[in-house]
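Asker: Have a look at this one before I ask anything.
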Amino acid sequence: MTIRLRLTLWYTALLGVTLILFSVTVYSALTANLRFQLEQSAALQARNIAAAVIQQIQGDVVVFRNSADNVFFPQVELFASSVGAQLLDSDGKVLKRSENLGDIPIPHHADTMPHILAGQEDRFYYVTNEGAAFLVYTVPLIVDGQLMGAVQLIQSVTTALTALTQVNRYLILGTTISIVLAAIVGAFLARRALAPIDTITETANAITRTRDLGNRIDIRDNASEVGRLAATFNEMLDRIQRLFQAQERLIGDVSHELRTPLTTIQGNIELLQRMAAAPTGGGALRLETASELFKESLSEVQAESERMNKMISDLLLLAQADSGALQIQMAPVEMDTLLLDVYRQTRRLVEHYKGRADALEIRLGSEDQAQVRGDRDRLRQVLVNLAENAVKYTHAGGVVTFSLENRDGWVRISVADTGIGISAEQQALIFDRFYRTDKARSRELGGSGLGLSIAQRIAQAHGGKITVESQPGVGSTFTLWLPAYHEGDVESPLNLKHTVIAGAQ
Ligand code: ADP
């Protein structure tokens with residue numbers, strides 16, 4: 001059953017039950033009230049007539065017993081034509097009756113006369129006759145403790161009954177019309193309210209059919225629950241689309257990046273195959289040259305395989321960071337000691353990249369003491385990456401300065417160089433995977449453009465960040481920000497992460 005139908009049924013049933021209860025209550029109250037009033041008025045009139053008769057026969061009981069002719073019987077029809085009365089003697093015989101009754105007898109009720117003629121209190125009953133309804137009220141006539149007879153009053157209640165039937169009809173009609181209207185309006189409202197859900201379903205179907213993630217739901221009412229659902233759905237689609245595009249871009253980048261070393265490896269293998277097939281001696285390659293070329297090719301194959309291997313490990317690490325599976329072993333780390341380590345290692349890096357250990361001047365700037373909570377090896381990886389970049393992108397004779405400051409709850413480690421610098425537009429992109437300001441140069445230096453994006457992810461996993469300030473031709477300063485840690489701080493990495501991410505923004 002659809003939600004729309006279920007809602008309509010519930011709504012209609014609820015309104016129906018309420019209206020029926022209301023109608024039954026109104027009808028019952030009205031009937032009881034009307035009945036009470038009719039009976040009261042009949043009782044009053046019957047008792048008045050009885051009192052008038054009693055007054056006349058008091059003291060003259062014998063005369064009354066002999067003949068009731070002298071008794072003046074009030075003409076009730078003067079007051080109301082729907083009322084008639086009759087005087088009975090102590091045997092129940094009719095002595096006098098109001099004129100409007102004519103010859104028509106007042107219908108009897110089996111219990112009433114014996115009860116009244118036994119001298120007991122007033123009684124009434126209802127009778128119907130040819131579609132008309134009457135109330136008969138009987139009052140005993142008791143004079144000096146003796147039963148002299150009874151006064152019987154008959155009153156038409158047809159008008160009241162007709163009115164009640166009419167009210168009943170209106171109530172039934174009103175309730176039925178209201179229920180039908182409620183069902184129609186309810187179905188319409190449910191349809192209107194749930195229409196965006198149909199749109200969401202259609203959009204989802206369209207996306208599945210056409211594989212076009214660019215489809216969005218047209219939201220008209222942002223404030224309603226369904227409107228919010230549609231907005232959330234659109235946001236989700238935005239995110240999925242971004243992820244999808246990022247994934248496509250990544251696959252493109254990865255295949256492109258892997259193709260270069262693979263082409264080199266292939267080229268070298270072909271060369272080696274040709275060398276193996278070439279005849280030796282005579283005009284062929286001399287043995288020493290062949291062996292030189294052989295070695296060179298092999299080392300190139302090895303270098304390219306290593307590069308591919310590193311790129312694949314880097315990508316794996318980034319994928320882990322993306323999925324939140326990056327393992328960070330949180331423990332207190334002395335950052336000043338770690339920085340000194342990296343400072344020493346940088347000298348070896350200078351020798352590796354520049355050929356001479358003194359090609360660059362490596363300095364230590366301000367050196368506060370600081371402790372953070374984090375993974376020592378990962379933090380070292382970040383600092384080495386920053387140091388390596390500083391060395392790679394600074395010309396011989398330049399200066400690389402390391403410094404550590406511990407201020408306002410943040411530990412800031414900066415690596416400043418006097419190298420080639422980065423333009424403002426490129427500064428926004430260098431943390432993207434595979435982005436390099438100068439692809440050929442980076443590749444020549446063994447880079448793949450993944451270093452900074454990994455470093456940024458590691459910093460973020462520690463609740464920190466990496467920022468850059470740079471000017472082309474002047475130099476760059478990369479700063480790693482980490483939340484300072486003091487013994488006794490809350491140990492939960494979640495708490496730590498939460499506070500810091502909020503603070504970092
Ligand atoms: P790569 O492996 O190419 O060094 P990174 O992710 O570490 O990759 O750096 C991305 C790009 O940022 C580099 O290719 C380079 O263009 C630029 N870059 C990084 N560090 C520096 C620096 N200290 N000076 C100038 N450019 C830099």
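The values are calculated or read from the model by the stated rules, or taken from the named source; none is laboratory data. Because the structure is predicted, anything quoted here is derived from the model rather than measured. Because the Cβ atoms are built from the backbone with ideal geometry, glycine has one as well, and the counts that use them run over all protein chains shown. Surface areas here come from the heavy atoms of the whole protein model, side chains and all, with no ligands, DNA or RNA. Shrake-Rupley method; radii C 1.70, N 1.55, O 1.52, S 1.80 Å.
Asker: What does the net charge come to around Asp368 if you take all other residues with beta carbon closer than 10 Å to its beta carbon, with K and R at +1 and D and E at -1?
Answerer: Computed value for this residue: -1.
Asker: Separate question: Please express the Cα-Cα pair-distance distribution P(r) of the range 3-164 as a list of whole percents, one per 5 Å bin, running from 0 to the bin with the greatest distance.
Answerer: Once binned at 5 Å, the Cα pair distances of the range 3-164 give 1, 8, 16, 18, 15, 11, 7, 5, 4, 4, 3, 3, 2, 2, 1, 1, 0, 0.
Asker: How much length would be gained if the chain were fully extended between Leu272 and Leu164, taking 0.36 nm per residue of separation minus their Cα-Cα distance, in nm to one decimal?
Answerer: 27.6 nm
Asker: With the alpha-carbon atoms as the only input, what is the per residue convex hull volume for the range 225-323 in Å³? Spell out each step's value before the answer.
Answerer: Details: hull volume 8.0 nm³, N = 99.
Convex hull volume per residue, Cα atoms: 81 Å³.
Asker: Which one of Leu383, Ile116, Ile265 has its Cα pushed farthest toward the positive end of the charge dipole of the chain, where Lys and Arg give +1 and Asp and Glu give -1 at the Cβ?
Answerer: So the residue furthest toward the plus end is Ile265.
Asker: Would you calculate the convex hull of the Cα atoms in the chain and tell me its volume per residue in Å³? Working shown, then result.
Answerer: On the way: hull volume 161.9 nm³, N = 505.
That works out to 321 Å³ per residue.
Asker: OK, next. Roughly how many Å² is the accessible area per residue of the range 3-164, as a whole number, for a 1.4 Å probe? Before the final figure, lay out the partial values.
Answerer: Working: 9370 Å² over 162 residues.
Ligands and nucleic acids excluded, the figure is 58 Å² per residue.
Asker: Tell me, what is the FRET efficiency for Val24 and Gln120 to the nearest 0.05, using R0 = 30 angstrom and their Cβ-Cβ distance as r?
Answerer: The computed FRET efficiency comes out at 0.25.
Asker: Each label point is 7 Å from the Cα along the Cα-to-Cβ direction; what then is the distance between the points at Ile197 and Phe72, in nm?
Answerer: 8.2 nm
Asker: Along the charge dipole of the chain, which of Ala455, Tyr353, Ala325 sits closest to the positive end, that is, farthest toward it, with unit charges on the beta carbon of Lys, Arg, Asp and Glu (+1, +1, -1, -1)?
Answerer: Highest projection toward the positive end goes to Tyr353.
Asker: FRET efficiency for Ile104 and Ile3, Cβ-Cβ distance as r, R0 = 56 Å, nearest 0.05? Could the numbers behind the result be given before it?
Answerer: Details: r = 65 Å, r/R0 = 1.17.
Once the sixth-power term is evaluated, E becomes 0.30.
Asker: Full extension from Arg380 to Glu367: what is 0.36 nm times the residue separation minus their Cα-Cα distance, to one decimal in nm?
Answerer: The span from Arg380 to Glu367 would gain 3.0 nm if fully extended.
Asker: Work out how much length Gln345 to Lys93 would gain on full extension: take 0.36 nm times their residue separation and subtract the Cα-Cα distance, in nm to one decimal.
Answerer: Once the chain is fully extended between Gln345 and Lys93, it gains 77.1 nm.
Asker: Calculate, for Gln245 and Ala359, the FRET efficiency according to 1/(1 + (r/R0)^6) with r their C-beta to C-beta distance and R0 56 Å; round to the nearest 0.05.
Answerer: 0.85
Asker: Heavy atoms only, probe 1.4 angstrom, no DNA, RNA or ligands counted: give me Ile240, Ile106, Ile184 ranked by accessible area, highest first. Write out the running numbers ahead of the final one.
Answerer: Numbers: Ile240 70, Ile106 10, Ile184 105 Å².
Accessible-area ranking of Ile240, Ile106, Ile184, largest first: Ile184, Ile240, Ile106.
Asker: Report the label-to-label distance for Asp408 and Ala396 in nanometres (one decimal), using points 7 Å from each Cα along the Cα→Cβ vector.
Answerer: Rounded to a tenth, the inter-label distance reads 4.2 nm.
Asker: Could you let me know the centre-to-centre spacing of the range 386-433 and the range 141-200, using Cα atoms, in angstrom?
Answerer: About 88 Å separates the Cα centre of the range 386-433 from the one of the range 141-200.
Asker: Expressed as an acute angle from 0 to 90° and rounded to the nearest 10, what is the orientation of the C-alpha long axis of helix 225-277 relative to the principal long axis of the chain?
Answerer: The angle comes out at about 20 degrees.
Asker: If DNA, RNA and ligands are ignored and the probe is 1.4 Å, what is the ranking of Arg239, Arg433 by accessible area, most exposed first?
Answerer: Ranking Arg239, Arg433 by accessible area, largest first, yields Arg239, Arg433.
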